[in-house]
1. Tell me the helices (runs of 4 or more DSSP H) entirely within the range 1-81 that contain at least 3 residues that are surrounded by 22 or more Cβ atoms within 10 Å (Cβ to Cβ) and more than 16 Å from the ligand (Cβ to nearest atom).
2. Going through the range 222-256 one residue at a time, which ones are without any contact (Cβ under 8 Å) to a residue 60 or more places away in the chain and crowded, with 18+ Cβ neighbours inside 10 Å?
3. Give the residues of the range 267-319 that are within 30 Å of residue 696 (Cβ to Cβ) and part of a strand (DSSP E or B), sorted by residue number.
4. Which fully enclosed helices (runs of 4 or more DSSP H) of the range 320-384 have 1 or more residues being buried (at least 17 other Cβ atoms within 10 Å of the Cβ), within 16 Å of the ligand (Cβ to nearest atom) and at negative phi?
5. Within the range 88-108, restricting attention to residues that are in contact with a helix residue (DSSP H, G or I) (Cβ under 9 Å, 6 or more places away or on another chain) and not in a loop (DSSP other than H, G, I, E, B), which residue is surrounded by the fewest Cβ atoms within 10 Å (Cβ to Cβ)?
6. Residues of the range 409-450 being at negative phi and assigned to a loop (DSSP other than H, G, I, E, B), which ones?
7. Quick test of your reading of the structure: residue 596 fulfils all but one of (1) surrounded by fewer than 23 Cβ atoms within 10 Å (Cβ to Cβ); (2) touching a residue at least 60 places away in the same chain (Cβ under 8 Å). Name the failing condition by number.
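Taken together, the values in this text are just the output of simple stated rules run on the coordinates, not laboratory data. In this text the structure is predicted, and so the values were computed from the model without any measurement. Cβ: placed from backbone, ideal geometry, glycine included. Neighbour counts: every protein chain shown.
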Ligand code: 26Q
């Protein structure tokens, strides 16, 4: 593809390129990419994948698309010669806010890999007008505001397809928007297909609040993406949303299959549906409904068709996060779906002679995961340990019924976004040292040969320094925070959740603060960076944010400690922030309670960017540890087996751990009088008491070993040579976590495209 920006500028704006401002250039580049993408043919194949997901956390698209088209460097040079900086232009793009966290970002990485591998497969989801809320910090607390990303969003292309969705008591018309998904240097494309209502009343949403009259919402289903851990008020609306999503998706799937020659009896030859967690699981009864009610199938045949085309990915072992809907809610939202779910439950009981443990409907509650496992042909976990736990404990009765349906597909990340786009300095070093093949093979193992090569180690180190400079600039510009140039950068970025144990890192900060106060002056400054949103209804998570913000202010105000210790909480952490912060990290914090984090994917992004991991043996950390070896990772904490035992036997005594002298000191710091005076006493007391009496995720069990390990990490950092080698090994081994590898496995084992 050839681009002449000067000619384009004259044509679009009637002015020379040099006179345009960054926003105008951004819009112009978006136009160019969109127009070019429109001419690209779709990936073809008899069987198409539909990746159904309530979330696609795609991030900004301009840079990514310029990279995929192979014109990034050219565009950058043309802009530079007209006096413009592509980085500043990129920053004008508004990031779509269509996901909560890991699950949504995984879907986005998958779309990139599916397109890059040239496989025929589209994402299908919803076009939320305000997406997830925008996070602001007010009075050291999280405030949630609507994120009007759609106002300035330029990537959506209106599609011809439109359907009717029937709810109990009313029906709505839908409208489809597409975003083209380009693969890396490919001439064919896929699409992200986002359904919306034909008309939505945005005026229901007040300017500065995400509270609004939910009574009207049934007709405005696509206004918001609900946070995980949503409150009850949001739950019924979530069912409406989910049904709207899957009814549209199912109609689209049948439509396209018929267009391509299917008689629907052979539908599994034309379509395979991957459901991203249970959120789209109602696609199962919806497909059955369409085949029976619209296309005249017998119920049994419809079920047999659907059974051969739906596959389910599980992303959680937290029982409370598995979707269970009251049957009454389903009856309200979609009465016919409720009927079909009941029939599916009866059929399953008859076929398996099975008991309540695996039932779809039990005590008036519909277990979505159970339905997906019985009526899907595949279920997978997202990391080896996670899949093992599903098989051995959480979903064991299902594993006994259908061992052949279970498999592991360890998550992955796309290297296009997470090095080529986010870390140009490191990409450049890799190009020079390895040649450019790694960009498509994602094989970085060639680096290992340079483990003792001073010149290469120095270049990698220099790339880290450049990434740190970029992050420092970002935090200065967006938050007015200054970070010392020589600081060790220690990062935990992810949704705020008790099981992820941000509170344990907060306790470390208290320990370190007291240690410095006691005269133990560190060799160099340590900057600890947090980022992440908390569901507005998740009180303890809000309390944890408050504690972090308070610690940040408290330490900054202390002249003795602040030269050596700094706490930063990134406001409104999102994909764009991740791209600036992850490349800069020295230490990757992956400290969830073992057995609770299904996989984690930031762990992979940090590793790829040369951070060294400090972690529990949870999720994909286990696989990272196996790959890099003991000398290149720091692991600590109670094992997942022992954690499971503690839960099963109710054997964890939080208060006993709290009463240990070193621990009590740290926890009680949260409610010291000066702190209470500066912060919100209610939040601090609640968090203190939760830790001292409940500590459901056992932070106090692991805190001492965690502090020890972290101190060892900091000491080892001072051996600069050894540390650079650790960093190199981590990068070299990260190829295993390319989402291209993950997608190949999905295709070979499940999709067969
Ligand atoms: C459910 C019902 C109502 C409203 C919201 C939700 C909801 C929304 C989002 C429930 C869960 C989520 C998101 C889950 C998630 O992000 N899970 C993460 O998935 C990653 C990709 O597999 C894993 O790496 C993480 O370990 C897992 O926590």
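1. 22-39, 62-68
2. First, the residues of the range 222-256 that are without any contact (Cβ under 8 Å) to a residue 60 or more places away in the chain: 226, 232-233, 237-238, 250, 254.
Once the filter is applied, which keeps residues that are without any contact (Cβ under 8 Å) to a residue 60 or more places away in the chain and crowded, with 18+ Cβ neighbours inside 10 Å, the range 222-256 yields 226, 237, 238, 250, 254.
3. Of the residues in the range 267-319, the ones within 30 Å of residue 696 (Cβ to Cβ) are 275-281, 312-319.
275, 276, 312, 313, listed by residue number.
4. Values: elements: 327-333, 335-352, 368-375.
The qualifying helices (runs of 4 or more DSSP H) are 327-333, 368-375.
5. Residue satisfying both the conditions and the ranking: 88.
6. In the first step, residues of the range 409-450 are kept if they are at negative phi; the result is 409-434, 436-441, 443-450.
Result: 409, 410, 411, 412, 414, 422, 423, 436, 437, 443, 444.
7. Condition (1) is where residue 596 drops out.
Matching residues to (1) within 15 Å of the ligand (Cβ to nearest atom); (2) crowded, with 21+ Cβ neighbours inside 10 Å; (3) part of a strand (DSSP E or B); (4) free of Cβ contacts under 8 Å to residues at least 40 places away in the same chain:
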position: 387; (1), (2), (3), (4): yes, yes, no, yes
position: 400; (1), (2), (3), (4): no, no, no, yes
position: 404; (1), (2), (3), (4): no, no, no, yes
position: 407; (1), (2), (3), (4): yes, no, yes, no
